[in-house]
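The values are calculated or read from the model by the stated rules, or taken from the named source; none is laboratory data. Keep in mind the model is a prediction, meaning the values are calculated, not measured. No Cβ is skipped: glycine too gets one built from the backbone with ideal geometry, and neighbour counts run over all protein chains shown.
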Amino acid sequence: MTKTIDEINQKIKQGQAVVVTAAEIIEIAKQEGVKKAAERVDVVTTGTFGPMCSSGAYFNIGHAKPRIKLGGGKAYLNDVPAYAAFAAADLFIGANALPDDDPRNRNHPGDFNYGGGHVIEELAAGHDIRLTASAYGTDCYPRKKLETWINIKDLNEAVLFNMRNAYQNYNVAVNTTDKTIYTYMGVLKPRLGSAGYSSAGQLSPLMNDPCYKTIGIGTRIFLGGGIGYVAWPGTQFNPGAPRTENGVPREGAATLCVIGDLKQMSSRYLVGTSMLGYGCSLTVGIGVPIPILNEEILRYTTVTDAEILAPIIDYGTSYPNRIPESLGEVSYAELRSGKIKVQGKSVPTASLSSYPRALEIANTLKEWIKNGKFLLTDPVAPLPGPDSGVKFKPLNERPLGEV
Amino acid sequence: MSEKEKTKKNVVKRVVLHFPKRVVDEPILFRLIKDFNLEFNILKASITPEAEGLMVVELKGEQSNYDQGVQYLTNSGVRIQALSQDVTRNEDRCTSCGACVTVCPAGAFTSEPGTMVVRFNSKKCVVCGLCIKACPPRAMELHF
């Protein structure tokens, strides 16, 4: 049995497509068998909702009168610095940007209450944002100062562009030292007092298409409550990571670079995030539809939390020093039970990504497709597969004194 | 239960005490033990000689003693507030991630098995404030 994306889209247009979530397909395949389920089900929807630090947004503010050239100058949005290194009216803001006067970790652990991620959330929510900018002035762009409110509805374009989102799998973070540590995986209590993890597991997009048979460049997705696209492999793309028999990576692996119109997105799925002692970020909601083109693709979507393993990494010692050492492996079913065993000790677990909201995204995408509002796309080009030889390299430092 | 039995009944209450500047120097808690036979357990305290003081305590004793003790505190100028109102969750900001679950020393947060929806049981909250800054979307709010 094989289907094409065109055939599935025809069914979607007629309102006849059978669409289920990655959570529902597990039981369906168990009841009906993979063969029958693959014939009957057309699309499996996935979802994830977690802090994704390599996120950002660019926009065009329109030209001031008299004109000002922001490029090469300085620009701030609600006191958070934006990247002003393009032409006159384009700005980019990254999720981790912080106001110049934020004390950061000088008073450890720093609060990081407001940063680039919060600006992006406020933009999406339709709030006015205070833009202050300075420039050097030219004959054609004479102005040197600009202070104004801006609002997303007045911007020419506002685009969410995230260079690394939707990590296929991730570390489980613990702390073996005697001090509490403050990490991007949350507050980690000393002496294996807690464990942080972050994945939607069986619901997560790349867990349901672990070898990238359907997700590729150009895939249309749910992004931040609106419609977006996979633009490119995400940074730190590492398809050669070790995998289990069912093809699921046992660590980081693939990521997605995504893009979409920020104007149609919602602050429910783009949430400014503060990691105590670490920094600001943006929690992003992403949902990817998996077209059930054949039995193999369906089989991948039946993966369960019990079958997905993640490495336990010590963020107190080995992680900061880039020592490739794992304290063992644990499944997402164990992580979600609230306790895992590490070095014989029972360790309570905390999630950084929201499973309930990931499910909400998978269900929303399911409704969009069922109502004919969202059609599937054939990728324009594939993502590098497990055998592509693409590798995530560490930085090889070359001291500046040497030639 | 008769009125008399009611007043004999033991109560355990968690309250927030706000001390205005003028009473910070007085040995108020000592009087609570000595004159009203109330046990107290300090859950959180921040008093400076210059500013208003704040103390979160668990008071335990007979109802009649508790009532008289509260009366004494009020007469001394101490403002009393029920504890459970003091840490609240902004439901619009909470995403049910679960970062708070291991941070809370009192087990006030739980991830519901299956749905993973995070529940906040304010009755268990001891107002330590650890969740406030550990919450990534800053959904937990401290009200004094």
Handout entry: A:Y229 more than 14 Å from every other protein chain (Cβ to nearest Cβ), at negative phi and of a type in the set (F, W, Y)
Key = yes
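Determine whether the stretch A:39-54 contains at least one residue that is within 14 Å of chain B (Cβ to nearest Cβ), of a type in the set (S, T, Y) and under 18 Å from B:R138 (Cα atoms).
Step one: of the stretch A:39-54, the residues within 14 Å of chain B (Cβ to nearest Cβ) are A:47-53.
Those still in the list that are of a type in the set (S, T, Y) too: A:48.
Applying the additional criterion that residues be under 18 Å from B:R138 (Cα atoms) yields none.
There is no residue in the stretch A:39-54 that is within 14 Å of chain B (Cβ to nearest Cβ), of a type in the set (S, T, Y) and under 18 Å from B:R138 (Cα atoms).
Of A:G372, A:G385, A:G401, which residue is on the phi > 0 side of the Ramachandran plot and in a loop (DSSP other than H, G, I, E, B)? Can you show your working first?
Details: A:G385 fails: on the phi > 0 side of the Ramachandran plot; A:G401 fails: on the phi > 0 side of the Ramachandran plot.
Step by step, each of A:G372, A:G385, A:G401 is checked, and only A:G372 is on the phi > 0 side of the Ramachandran plot and in a loop (DSSP other than H, G, I, E, B).
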Fill in the blank from the handout: Checked the stretch A:251-276 for anything within 14 Å of chain B (Cβ to nearest Cβ) and farther than 15 Å from A:L352 by Cα; matches are A:S266, A:S267, A:R268
Fill in the blank from the handout: Taking the stretch A:55-77 and the residues there that are buried (at least 18 other Cβ atoms within 10 Å of the Cβ), closer than 22 Å to A:Q264 by Cβ and not small (G, A, S), the one that is nearest to the other protein chains (Cβ to nearest Cβ) would be A:L77
Practice task
Check the stretch B:117-128 and report whether any residue there is more than 30 Å from A:I361 (Cα to Cα), within 14 Å of another protein chain (Cβ to nearest Cβ) and either of a type in the set (V, I, T) or in contact with a Pro (Cβ under 9 Å, 6 or more places away or on another chain) (or both).
Solution key: yes
Practice task
Kindly indicate whether any position in the stretch B:77-97 is more than 10 Å from every other protein chain (Cβ to nearest Cβ) and on the phi > 0 side of the Ramachandran plot.
Solution key: yes
Fill in the blank from the handout: By residue number, the members of the stretch A:144-198 that are hydroxyl-bearing (S, T, Y) and more than 26 Å from A:F222 (Cβ to Cβ) are A:T148, A:T176, A:T177, A:T180, A:Y182, A:T183, A:S194
Exercise for the section: Restricting attention to the stretch A:39-83, report how many residues are under 29 Å from A:L276 (Cα atoms) and not aromatic (F, W, Y). Expected result: 18
Handout entry: Only listed residue being farther than 18 Å from B:P137 by Cα, in contact (Cβ under 8 Å) with a residue 40 or more places away in the chain and surrounded by fewer than 22 Cβ atoms within 10 Å (Cβ to Cβ), chosen from A:P109, A:P103, A:P142
Key = A:P142
Handout entry: Residues being in contact with a helix residue (DSSP H, G or I) (Cβ under 9 Å, 6 or more places away or on another chain), under 19 Å from B:L142 (Cβ atoms) and within 13 Å of another protein chain (Cβ to nearest Cβ) - total across the stretch B:98-116
Key = 6
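Can you say whether A:A358 is on the phi < 0 side of the Ramachandran plot, facing another protein chain (nearest Cβ under 10 Å) and either in contact with a Gly (Cβ under 6 Å, 6 or more places away or on another chain) or free of Cβ contacts under 8 Å to residues at least 24 places away in the same chain (or both), as far as the supplied structure shows?
Values: on the phi < 0 side of the Ramachandran plot: yes; facing another protein chain (nearest Cβ under 10 Å): yes; either in contact with a Gly (Cβ under 6 Å, 6 or more places away or on another chain) or free of Cβ contacts under 8 Å to residues at least 24 places away in the same chain (or both): yes.
For A:A358, the condition - on the phi < 0 side of the Ramachandran plot, facing another protein chain (nearest Cβ under 10 Å) and either in contact with a Gly (Cβ under 6 Å, 6 or more places away or on another chain) or free of Cβ contacts under 8 Å to residues at least 24 places away in the same chain (or both) - is met.
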Exercise for the section: Identify the residue in the stretch A:151-207 that is among the hydroxyl-bearing types (S, T, Y), over 30 Å from A:E27 (Cβ atoms) and under 22 Å from the mean Cα position of the chain (by Cα) and, among all such residues, is surrounded by the most Cβ atoms within 10 Å (Cβ to Cβ). Expected result: A:Y182
Exercise for the section: For A:I340, work out the one condition from (1) away from chain B (no Cβ under 14 Å); (2) of a type in the set (V, I, T); (3) more than 28 Å from A:S55 (Cα to Cα); (4) in a strand (DSSP E or B) it doesn't fulfil. Expected result: (1)
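Kindly provide the set of residues from the stretch A:252-269 that are of a type in the set (A, V, I, L, M) and assigned to a loop (DSSP other than H, G, I, E, B), ordered by number.
Pass one, the stretch A:252-269, residues of a type in the set (A, V, I, L, M): A:253-254, A:256, A:258-259, A:262, A:265.
Selection gives A:A253, A:A254, A:M265.
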Completion exercise
Selection over the stretch A:54-67 where residues are assigned to a loop (DSSP other than H, G, I, E, B), closer than 23 Å to B:R93 by Cα and among the hydrophobic types (A, V, I, L, M, F, W, C) yields a count of 0
Exercise for the section: Look at the stretch A:117-127 and say how many of its residues are among the small types (G, A, S), farther than 20 Å from A:G186 by Cβ and either away from chain B (no Cβ under 12 Å) or within 17 Å of the chain's Cα centre (by Cα) (or both). Expected result: 2
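Filter the stretch B:79-129 for residues that are part of a strand (DSSP E or B) and without any contact (Cβ under 8 Å) to a residue 24 or more places away in the chain; which is surrounded by the fewest Cβ atoms within 10 Å (Cβ to Cβ)? Full working, then the answer.
Pass one, the stretch B:79-129, residues part of a strand (DSSP E or B): B:79-82, B:87-89, B:109-111, B:118-120.
Narrowing the set further to residues that are without any contact (Cβ under 8 Å) to a residue 24 or more places away in the chain leaves B:109-111, B:119.
Working: B:F109: 23, B:T110: 17, B:S111: 23, B:R119: 12.
Per the stated criteria, the residue is B:R119.
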Fill in the blank from the handout: Restricted to the stretch A:277-304 and to residues being within 18 Å of A:S204 (Cβ to Cβ) and part of a loop (DSSP other than H, G, I, E, B), the residue nearest to the other protein chains (Cβ to nearest Cβ) is A:T304
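Being within 14 Å of another protein chain (Cβ to nearest Cβ) and at pLDDT 95 or above is true for just one of A:D111, A:D154, A:D139, A:D101. Which residue is that? Spell out how you get there, then give the answer.
On the way: A:D154 fails: within 14 Å of another protein chain (Cβ to nearest Cβ); A:D139 fails: within 14 Å of another protein chain (Cβ to nearest Cβ); A:D101 fails: within 14 Å of another protein chain (Cβ to nearest Cβ).
When all the criteria are applied, what remains is A:D111.
Of the residues A:P205, A:P242, which single one is more than 14 Å from A:F161 (Cα to Cα) and either without any contact (Cβ under 8 Å) to a residue 12 or more places away in the chain or within 14 Å of chain B (Cβ to nearest Cβ) (or both)? Don't jump to the end; show me each part of the working.
Details: A:P205 fails: either without any contact (Cβ under 8 Å) to a residue 12 or more places away in the chain or within 14 Å of chain B (Cβ to nearest Cβ) (or both).
Every option except A:P242 fails the conditions.
With A:V390, A:V347 as the choices, which residue is assigned to a strand (DSSP E or B) and among the β-branched types (V, I, T)?
Details: A:V390 fails: assigned to a strand (DSSP E or B).
Going through A:V390, A:V347 in turn, just one is assigned to a strand (DSSP E or B) and among the β-branched types (V, I, T): A:V347.
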